[in-house]
């Protein structure tokens, strides 16, 4: 806490600027956004003010300059995985490094495109550019989901962990199995459908969308609900089947919570399965691009 005096001799306590919850996108008053915008503007100026013959290309002065800057930036940006394993404080904090990673990575759209001189073809040079754009686009997706999903993930959990969600479903399964003992075979088969044909996570598409059209619990719930509705209309509800319906509905709600949790976790993680391997491929293509330039141009 800092203090300053006012006329009359009173000391007024002033709280320092709160940076504990400052996000990496706004770190240091968006310092790296400003640096990246300046770098992009400089790249555009170099491109516009030079006049290569017969047309702009990667082999011109501007092309070599922008290519060198872009290559060094790509190598540096790829080191963030190593940086995450090192704990330091300012001025090289992880938050500052991540902010630079995001904004400098975005500036590569300008620098890399101008380096090509808008001359693309079926060669290793264009491959490097395409891989770079895939890395950037997947990174943009990562920024969006990390800005939006963690709060939703926390709200959905309602203080329950994923193992606790799964244990709640297993508990309901045990209760369903016990409650189904006095039922006739047809009704018991519906309960068995919920127990044996119900996956919490499912395949990748089901985890990403949260949709499980073949869910055994949903089909069993709908079927039991129809039977119970018919019994209610006839005035002869079966207490055992009504209890089964209650448990199936509870399981349906527990499944929905667990599947939302899994869907959001999958959306948070899946971009890395594109971003990281394509970054490795980009580094390999970049080496091939540079070697071919020096050996054959």
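The values are calculated or read from the model by the stated rules, or taken from the named source; none is laboratory data. Note that the structure is predicted; figures quoted are calculated from it, not measured. All Cβ positions, glycine included, derive from the backbone under ideal geometry; neighbour counts span all protein chains shown.
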Identity of the residue in the range 119-142, at pLDDT below 90 and touching a helix residue (DSSP H, G or I) at 6+ places or on another chain (Cβ under 8 Å), that ends up farthest from residue 291 (Cα to Cα): 120
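Go through the residues of the range 228-235 one by one and say whether even a single one is part of a loop (DSSP other than H, G, I, E, B) and not assigned by TED's automatic domain parsing to the domain that holds residue 127. Write out each step before concluding.
Of the residues in the range 228-235, the ones part of a loop (DSSP other than H, G, I, E, B) are 235.
After this cut, where a residue has to be not assigned by TED's automatic domain parsing to the domain that holds residue 127 as well, the list is 235.
Within the range 228-235 (the criterion being part of a loop (DSSP other than H, G, I, E, B) and not assigned by TED's automatic domain parsing to the domain that holds residue 127), the answer is yes, since at least one residue qualifies.
Please give the helices (runs of 4 or more DSSP H) falling wholly within the range 110-214 in which 1 or more residues are in the same structural domain as residue 288 (by TED's automatic domain parsing) and under 30 Å from residue 60 (Cα atoms). Don't jump to the end; show me each part of the working.
Numbers: elements: 124-157, 162-179, 185-196, 204-209.
Filter on the range 110-214 gives 124-157.
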Flag for residue 99 being crowded, with 16+ Cβ neighbours inside 10 Å and modelled with pLDDT of 70 or more: yes
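Per-residue answers, yes or no, for (1) touching a helix residue (DSSP H, G or I) at 6+ places or on another chain (Cβ under 6 Å); (2) exposed (fewer than 13 other Cβ atoms within 10 Å of the Cβ):
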| site | (1), (2) |
| --- | --- |
| 156 | yes, no |
| 159 | no, yes |
| 176 | yes, no |
| 189 | no, no |
| 197 | yes, no |
| 205 | no, yes |
| 213 | no, yes |
| 218 | no, no |
| 221 | yes, no |
Residues of the range 11-59 satisfying the condition of being modelled with pLDDT of 80 or more and under 30 Å from residue 295 (Cα atoms): 39, 40, 42, 43, 44, 45, 46, 47, 48, 49, 50
Some residue of the range 223-243 being under 17 Å from residue 171 (Cα atoms) and surrounded by 14 or more Cβ atoms within 10 Å (Cβ to Cβ): yes
